[in-house]
Each structure stands twice: as C-alpha cells, then as structure tokens.
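Below is one structure, written out as structure tokens; comments come after it.
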Amino acid sequence: MRNLAVVLRFISVVALSGLLAVGSSIAEETEMDMDLMQTIEDTNDSLSSNVALEEGEAAIADAKILNELFGVVEDHYTKEVAAGGDFAEAVDLSSKSKKLTADIIDQLNAGDFESAANSATDLARTCKTCHNFYKED
Amino acid sequence: MDNKSRRDFLKNSSLGVGGAALAGAIPGLNISAASAAELIDPLAPKDPHFPAKIKSVIWLHQNGAPSTLDLYDYKPELVKQAGKGVPDSFLKGIKTSTQGGVNELFVSNNRSWKQYGESGAWFSNLLPNLAQHADKLTFIKSSVTIGATHDISILKLNTGDLNPGRPSLGAWISYALGSANPDLPPYVVLYNGASEPRAGSVNWNSGFLPAVYQGTAFRPGDSPIYYLDRPELRTALQQRNSLDLLNRLNKLGAENRPLDTELKARLRSYDLADRMQVAAPEAVDLSKETDATKKLYGIDDAITGSYGTSLLRARRLVERGVRFIQVVSGAPDGETEITSWDAHDDLDKNHGLMAKMVDKPIAGLLEDLKSRGLLESTLVVWTSEFSRTPWGESGTGRDHNPWGYTQWMAGGGLKAGFTYGATDELGVQVADKDTAVDTYDLHATVLHLLGLNHLKTTFINNGRSERPTVVFGKVVKDILA
C-alpha cells in the first residue's frame, strides 16, 4: 500500500515536471521542492527498509523510481546552470545519486543485499550533502 | 468452547503470534534460533553479529556544548586573527543562522596550550588531568551535527534523529544484546546536579522499541531509583514475609495455569524488581570504595565531587555488566548560576568551572578502568550535542557550532593516541567534508565495537524496517585498531 502511494505520487510528479518544462523556472523549482523531493525522501526510506528486509522485488521497484526521479532532478539543475544559476554541485550530486540507484538495481538483481544496503546509505548521505549545501537560512 | 477455554485459546494464540512477530522483528539477530525463554524474556542475553571488542559503553554527554576550541582543538591562526572578522572563505557552505550572528574572532587571554604524551595531542590549561591520558584517547576532530536548539540537537545526539519517537542508542543496544546481569537494567542513566538533565527522558527512551529497553535513570544520592526503598513504617522482616507470601501465591497461580507464559513473564519481572531492590543500591554504594579511589575521582572536592560520584558509579555498573551507562554532566552541588557548558557569555567563568568539574573525574575514570583491566573491554565516549564558534558572542562567550568540533573515545578496539579528521585553520567547520563524522556515524562505530552491524540491527515499526542509524550512518573505520 505504501509502495502504491509512492508510485502514484511518482507518476504525478513526473507528469507535473513535464508540464512545468514549459512553465517558469521559479514555478518549476517550487514544485521540485514540494513534491519531488518529498517523494524522493519517502522512496528512499522505503528502499532502505526493503533492502534491510531483503524484499528484492520491492527494493528494485523503489530503486527504479529513484533512478527516474534523480534523472528529473539532474535535468532540472542542468537547465538552471545553463541559465546562469549556481547549481553545479546539485548537478554533480544528482548525477551521483542516479548512478548509485543504478548500482543498487544491479546489486539487488545479483542478490547482494549487503552491498545494496551500503549503496543505499551512500545515496541517503548524498541527498543530505546536497540539502546541507543548499540549505536556506 | 466455554468462555475459559476460548479465553485460553485466544491468549495462547496471541502469544504465538507475538512470538512470531518478535522473531520477525529481529531479522538481523537470528532470533529464530532463540529459545522460548528468550522470547518470553526480552532482556535475555543475545549474541552479537560478530565478536565484540567491548562489553560496555560509558557515554559522557557534556551537556550544554563545551567549546572544544578551548579544550582540544588548538588553532594558532585563531590566536593570530583574534579581534578580526571571519573571512568569507571560512563561511562557505554553512548557514550561520544562530542567534548571535557572526562577530569578531575571539580567544581568551587565560588560555594556554601544551602537547602531551607520545601522541603529542594538544590540551588547553583547562584539562590538566585529562591531558595525562592523551595516549589513551582517540580524537574525532571532524565531528558535525545539525545545530538547532540544545534540546533538539541533544535528541539527535542520543537517537540519531531530530524528531522525537526514535529509540536512543542505549535502547538499541539493550534490544540487540539483552542484559548481561539479570539483577540490573542493561541501560542506566546517571547525572549530577539538582535536577534531571535538560529535555529529560526522551533522551533515554526506547521510542518504537518495547519499553523494556529504555534507560533507567539513577538519581544522585543514596536512593537511586524511585520507590525502590522499603517504606520506613515497614520492617525488613515484614516486607520479606509479605513478598514471600506473594511469591507463594503467584507460584500456585502459575501451577494452575502451566501454559500461561505471560503470567510467567510477569512473575519474572516481579523477581527482577525484588532482586534490583538489593542490587541497584549496592551497585551505586561507594562506602566500600577506598579513600584513594574516591580521591582519584575527586569525590573529596566540592566542585568535582558530584560528577566524580557519577563516574565511580559508572565504573561499578560496568563491573556488574551494565551495557550502556549514559552520564549527563550537570553542575557541582550547590551551584545554581552555571548549570551546563552553555557559555554564550563569560566563557572563562563557565568553562573554568565546568572543566574543573569533569577534568579530574574523567581522568580518574580512565586511570581506574585501566588499572582494573576494564579499559580494554569498555568504551568511554566524550560527546556533546554540538560545540561553540571561534567568533565571540556577548563579548566573551561563544555561539553554537555544529559544523566542526571535537569528540573523543577511549577503550577497546580503537587506535589509542590517534586523531581523526580536523577543522579548518580557524575552527569554523570541518576541513575535509569527506571525513565528517555525524552522530549516526558515531553510533554506527559504537555498535560495531559491540559486535553489532548497524545495518542488521533492525526492528519493524509500522511495517518498515528501522535501524539505529536512520538511513545514514557509517562506521568510522579509520579509527579502529
């Protein structure tokens, strides 16, 4: 049920980000903050739990969602950098996160839950690094 | 099926489900191999994931956040730049939203520094006794956390998270390892001073773990646990007779219900309370300690006496198999003006008193543990919710600094006389972010030394597998021996 909620939110967020591609960058950034980041956080928590429980199928589903979402984040900040914004760190970290989710999918497909747990921890820490870097006063 | 047998059926079924739930709740602990007795007694000893380096932890929380720039982290550049503004380059990547703002860099005129031991660790003149044990310590000079209010950061220090509801580190350890002494709780909290520590029991509670794993606070004084003492109006014989009668009646009841394991568990908890009535006061009774030992901990001195008493009690609890002893620094007896390390103004006065209160007792604890052969199997952790800024506040104080500070550990499984990480030249923040050690990394490392893999120390709460380090922690492998 929890996974279903995350999937539904994922679908709405991806659809929203597609619509926002034609909107203003301020609106896009606001929506990024409100929905997409929350979905990423929830999915990341779910991934961590499913890896610990060795629920391979559910964990792979979470990792695939995150892989897609970090692609959205990376694209967003790449556009921001192209528009002159100071978001180079965000591009690097979202790219790293996307790569980590791909690693997790490979590790889970190989049944290597221990490596997947470590990669999921790296992923959570990468998120935290980015949020600390761009934390607002 | 009559009412009684239906009730028995439901009771036995629920116990079976409960046992199965418990088995599922501890996937990393191989609980499926646990005996029925372990399932009934949640404090039964459990095996770690791999051989442990230590048996017990003494967690020395320095309440109020000491300035480690005034204790361990010598910064010659800060001395040179004192009175000037903080260069922007030092503030990059941090948000200095603490209420005091960013003022001129500050150093105390009373501070002097010296290196000690073969490790050459720096200590200020505030810690002359602890400095003698430099080569026993493992410094983490790249500690970080989230700096909010004291209460919230203390919660993070103890539970790994900013939100209430998660178990404290000691509770996770009790849950994962059970009790090594059936007569005492595995997790004890000690404090000195007139009142309970800031923010109270949320810092030693069991969160979503069963309540049996929460810390038991031992009050200062001769009567450590509320309502454990026999009322004055009852003689010891009267109490013994009534407890014996109760015990006989309970046994009769249990014999009539041989399948009622809940009743057996309850009787066991009564037995524990009975045994604790003797064991707990004895564990904290210092009357049999020698004068030399008491002096070692500074118990003969008004300023060091109450904190020294807590630490000597901590050693006695370690000897009796208590797994996790959380010692929260308070204030010297009778002191009402300075009650923590929180020096927003007049740092010299505050730290002069607080450092004096803890310096000799902690040095005494390390020496005592070492001489008794206990330091190798014990971990002493000197920790705080955050530290203080290199810039001044209110002229002679310092504001909160969560971006880079020093904590240390001493004991089994660690590289002694070793320093990991560093802050920048002014002590504003961690010099290399890849070496940053957050609270959940400290927790992961403590668990590792106890033989526990933090990723496999799990509990299912609301359908989700939770672990002590939330989703973040990593063991600081570079400090392991």
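The set of residues in segment A:102-116 being within 17 Å of the chain's Cα centre (by Cα) and buried (at least 22 other Cβ atoms within 10 Å of the Cβ) consists of A:ILE104, A:ALA116. Restricting attention to segment B:416-430, does a residue exist that is more than 14 Å from chain A (Cβ to nearest Cβ) and within 17 Å of the chain's Cα centre (by Cα)? Taking every residue of segment B:416-430 in turn, none turns out to be more than 14 Å from chain A (Cβ to nearest Cβ) and within 17 Å of the chain's Cα centre (by Cα). Quick one: would you say B:THR419 is surrounded by 24 or more Cβ atoms within 10 Å (Cβ to Cβ) and either at pLDDT 95 or above or not in a loop (DSSP other than H, G, I, E, B) (or both)? Spelling it out, it is not the case that B:THR419 is surrounded by 24 or more Cβ atoms within 10 Å (Cβ to Cβ) and either at pLDDT 95 or above or not in a loop (DSSP other than H, G, I, E, B) (or both).
A:GLU31 fulfils the conditions (1) exposed (fewer than 14 other Cβ atoms within 10 Å of the Cβ); (2) in a helix (DSSP H, G or I); (3) at pLDDT below 90 except for a single criterion, (1).
In segment B:335-358, the residue that is surrounded by the fewest Cβ atoms within 10 Å (Cβ to Cβ) out of those that are assigned to a helix (DSSP H, G or I) and of a type in the set (Gly, Ala, Ser) is B:GLY352.
Consider segment B:71-81 and keep the residues that are out of contact with any Ser or Thr (no Cβ under 6 Å at 6 or more places or on another chain) and buried (at least 17 other Cβ atoms within 10 Å of the Cβ). The one that is farthest from the other protein chains (Cβ to nearest Cβ) is B:TYR74.
For segment B:422-445, filtered to residues that are aliphatic (A, V, I, L, M) and not in a loop (DSSP other than H, G, I, E, B), the residue that is farthest from B:ARG467 (Cα to Cα) is B:VAL430.
Considering only residues that are away from chain B (no Cβ under 13 Å) and part of a helix (DSSP H, G or I), which ones fall in segment A:105-137? Across segment A:105-137, the qualifying residues are A:ILE105, A:ASP106, A:GLN107, A:LEU108, A:ASN109.
Does segment B:469-481 hold any residues that are within 13 Å of chain A (Cβ to nearest Cβ) and over 16 Å from the mean Cα position of the chain (by Cα), and which are they? Working first, answer last.
If we filter segment B:469-481 for residues that are within 13 Å of chain A (Cβ to nearest Cβ), which is where we start, we get B:469-475, B:477.
If the condition is that a residue be within 13 Å of chain A (Cβ to nearest Cβ) and over 16 Å from the mean Cα position of the chain (by Cα), then B:VAL470, B:VAL471, B:PHE472, B:GLY473, B:LYS474, B:VAL475, B:LYS477 are the ones that fit.
Taken as a whole, the structure places A:LYS99 among residues that are surrounded by fewer than 19 Cβ atoms within 10 Å (Cβ to Cβ), more than 22 Å from B:ARG467 (Cβ to Cβ), at pLDDT 95 or above and more than 10 Å from chain B (Cβ to nearest Cβ). Only one of the listed residues (B:LEU243, B:LEU252) is in contact with a helix residue (DSSP H, G or I) (Cβ under 8 Å, 6 or more places away or on another chain), farther than 22 Å from B:ASP285 by Cα and either in a helix (DSSP H, G or I) or among the small types (Gly, Ala, Ser) (or both). That residue is B:LEU243. Selection of segment A:48-87 for residues being in a helix (DSSP H, G or I), small (Gly, Ala, Ser), in contact (Cβ under 8 Å) with a residue 12 or more places away in the chain and away from every other protein chain (no Cβ under 12 Å) yields A:GLY56, A:ALA61, A:ALA63, A:GLY71. Could you say whether any residue in segment B:359-378 is buried (at least 24 other Cβ atoms within 10 Å of the Cβ), over 22 Å from the mean Cα position of the chain (by Cα) and not hydroxyl-bearing (Ser, Thr, Tyr)? No, segment B:359-378 has no match at all. The set of residues from segment B:343-369 being in contact with a strand residue (DSSP E or B) (Cβ under 9 Å, 6 or more places away or on another chain) and charged (D, E, K, R) comprises B:ASP345, B:ASP346.
Residues that are of a type in the set (S, T, N, Q) and closer than 19 Å to B:LEU60 by Cα were ranked within segment B:379-400; the one that is surrounded by the most Cβ atoms within 10 Å (Cβ to Cβ) is B:SER387. Any residue at all in segment B:125-144 that is touching a Lys or Arg at 6+ places or on another chain (Cβ under 9 Å), closer than 30 Å to A:LYS128 by Cβ, of a type in the set (A, V, I, L, M) and more than 14 Å from every other protein chain (Cβ to nearest Cβ)? Looking for residues that are touching a Lys or Arg at 6+ places or on another chain (Cβ under 9 Å), closer than 30 Å to A:LYS128 by Cβ, of a type in the set (A, V, I, L, M) and more than 14 Å from every other protein chain (Cβ to nearest Cβ), one finds none in segment B:125-144, hence no.
A residue that is small (Gly, Ala, Ser), in contact with a Gly (Cβ under 9 Å, 6 or more places away or on another chain) and not in a loop (DSSP other than H, G, I, E, B) occurs nowhere in segment B:179-199.
When the test is whether a residue is out of contact with any helix residue (DSSP H, G or I) (no Cβ under 8 Å at 6 or more places or on another chain) and under 25 Å from B:ASN350 (Cβ atoms), B:THR304 does not pass it.
Looking at this structure, is B:LEU365 assigned to a helix (DSSP H, G or I), of a type in the set (A, V, I, L, M, F, W, C), away from chain A (no Cβ under 14 Å) and touching a Leu at 6+ places or on another chain (Cβ under 8 Å)?
Yes; evaluated as a whole, the condition is true for this residue.
Among the residues of segment B:436-468, the one identified as of a type in the set (Gly, Ala, Ser), surrounded by fewer than 24 Cβ atoms within 10 Å (Cβ to Cβ), under 25 Å from B:HIS61 (Cα atoms) and within 10 Å of chain A (Cβ to nearest Cβ) is B:ALA436. Among the residues of segment B:106-121, which ones are buried (at least 19 other Cβ atoms within 10 Å of the Cβ) and part of a strand (DSSP E or B)? Once the filter is applied, which keeps residues that are buried (at least 19 other Cβ atoms within 10 Å of the Cβ) and part of a strand (DSSP E or B), segment B:106-121 yields B:TYR116, B:ALA121.
Considering B:PRO185, B:PRO87, which residue is more than 26 Å from B:ILE325 (Cβ to Cβ) and either more than 14 Å from chain A (Cβ to nearest Cβ) or without any contact (Cβ under 8 Å) to a residue 24 or more places away in the chain (or both)?
Unique residue meeting the criteria: B:PRO87.
Inside segment B:275-308, residues that are over 14 Å from B:LYS356 (Cα atoms) and assigned to a loop (DSSP other than H, G, I, E, B) make up a count of 7. Looking at B:GLY413, is it of a type in the set (Gly, Ala, Ser), within 19 Å of A:ALA117 (Cβ to Cβ) and away from chain A (no Cβ under 11 Å)? No: the conditions fail for B:GLY413.
The values are calculated or read from the model by the stated rules, or taken from the named source; none is laboratory data. As the structure is a computational prediction, the values presented were derived from the model and not from experiment. All Cβ positions, even for glycine, are placed from backbone atoms using ideal geometry, and neighbour counts span all protein chains on display.
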